[in-house]
Amino acid sequence: MAEEPAKTYRKIIHIDMDAFYASVEQRDFPEYRGKALVVGGLPEGRGGVVATASYEARKFGVRSAMPSKQALKLCPHAIFVRPRFAAYKEVSQKIREIFSRYTDLIEPLSLDEAYLDVTVDKLNIGSAIEVAEQIKQAIKDELQLTASAGVSVNKFVAKIASDVKKPDGLTFIGPSSIEKFIENLPVDKFYGVGRVTADKMKKQGLFTGADLKTLSREEIVKRFGKAGGFYYNIVRGIDDRPVQPHRETKSIGAEDTFAFDLTTAEEMYAELDKIAKTVHERLKRYQLKGRTVTVKIKYNDFKQITRSQSFPDGGDDIDFIAGTAKRLLDTTDTENLRVRLLGITLSNFYPPEIRTKTSSEQLDLFDQAT
């Protein structure tokens, strides 16, 4: 009887920089080294949000997306600094140049993390583990920063693996180990499962991958909707998503959370002018024109609304963006309400043939007016 051909697997690496913004600050400014450093909004006034924190601050419970005021309570001696996005982007580009020595199949998720498919690597190294080690060493030698890496046969497992031994870690999860690894994984560690969904799962007695695995596909979809199909597959180690070096830009925008509430139309107009300038610069960078303008308004009670207007032709100039945003603002009730955040987004780009850009130019989560 003829033997079945051996199954071939992808070789996927997920690289995640360690406390990226904070590490760049500590590298560039020696006075921050060894100190509890928080990068993000300052705690004065209403306070902002933590973008990232050094490991010295994380020991006190400071985490990304936490209000800066809460971070200050947890770590009163922390040093707070505003982000320097231009510096982070420059470093990010150098990191991606290191990646490109090994593969062209690079899918950045943000400035500080990316998937790499090294099933066939440029240097014919053959071992994904060796490639990951070389990349980590190059980042350390050339940029004086550390990264953690996860290596596996698919994106889901590689991403989770990169978080196992942070900082400066490398974790390999081979094909024979994947199901056991995922079965033991707490549901709130699953990439793609947010806090609300994790809480819902726990209330249903689903605490680990092994618990999820007891549900049939029909049952898991019934409980969690379309995402249930994804959960059904990943608890069995199935993730066929390819590394995508190209993605489509669907919108470009900027927003700002203010230290103090805006209470007059004049104040709001002035802030919309600033935000419109940022959006204009980003549209010009990618040579895009948007036919739909959307304004986002968040009030001091955290209620949030959006208003949109579409046009036959696309626009990218400041007057078009700011003027439309102000008219949309005027359609809302701002006289008796206090505004804590404003944002402008352009979408529905025109002409459609220039909507695609390389993933190395992806806008990251914090690439916004602050």
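Read-outs throughout are calculated quantities, based only on the coordinates presented, and are distinct from any laboratory measurement. Keep in mind that this is a model prediction, so the values were computed, not measured. Cβ coordinates were reconstructed from backbone atoms using ideal geometry, including for glycine residues, and neighbour counts include every protein chain displayed.
From the Cα gyration tensor of the stretch 250-354, with a ≥ b ≥ c the square roots of its eigenvalues, which class applies: rounded if a/c is under 1.5, or else prolate if a/b is larger than b/c, or else oblate? Taking the square roots of the gyration eigenvalues as a ≥ b ≥ c, the stretch 250-354 is prolate. With both bridge residues required to lie in the chain, what share of the DSSP beta bridges run antiparallel, to the nearest 5%? Looking only at bridges with both residues in the chain, the antiparallel portion is about 90 percent. Note on Gln309 and His77: the extension gain reaches 78.9 nm, defined as 0.36 nm multiplied by sequence separation minus the Cα-Cα distance. Let me make sure I get this right: for the stretch 20-84, a, b and c are the square roots of the gyration tensor eigenvalues over alpha carbons, sorted descending. Under 1.5 in a/c it's rounded, otherwise prolate if a/b > b/c, else oblate. Which is it? Prolate shape, in that a/c is at least 1.5 and a/b is the bigger ratio.
GNM remark for the chain: springs join alpha carbons under 10 Å apart, and the peak mean-square fluctuation among Leu111, Leu74, Leu42 falls on Leu74. Among the chymotrypsin sites (Phe, Trp or Tyr not before Pro) found in the stretch 253-315, those both in a DSSP coil and sparsely packed, with 12 or fewer other Cβ atoms within 10 Å of their Cβ, are Phe302.
Which of the following values of volume of the Cα convex hull per residue in Å³ was calculated from the structure shown: (i) 235; (ii) 184; (iii) 264? The value matching this structure is (ii).
Nearest 500 deg cm²/dmol is fine: what mean residue ellipticity at 222 nm does the chain get from its DSSP H runs of n ≥ 4 alone, each adding -39,500 (n - 2.57), divided by its residue count?
That comes out to -10000 deg cm²/dmol.
Using alpha-carbon positions, what is the distance between the centroids of the stretch 177-209 and the stretch 1-72, in Å? So the separation of the two Cα centres works out to 22 Å. Restricting the trypsin sites (Lys or Arg not before Pro) of the stretch 251-313 to loop positions (DSSP other than H, G, I, E, B) with no more than 16 neighbouring Cβ atoms within 10 Å leaves Lys303.
If we count every other residue with Cβ under 10 angstrom of Val118's Cβ, Lys/Arg +1 and Asp/Glu -1, where does the sum land? Please report the intermediate quantities before stating the final value.
Working: positive: Arg10, Lys11, Lys122; negative: Asp117, Asp121, Glu130.
Net charge in that neighbourhood comes out at 0.
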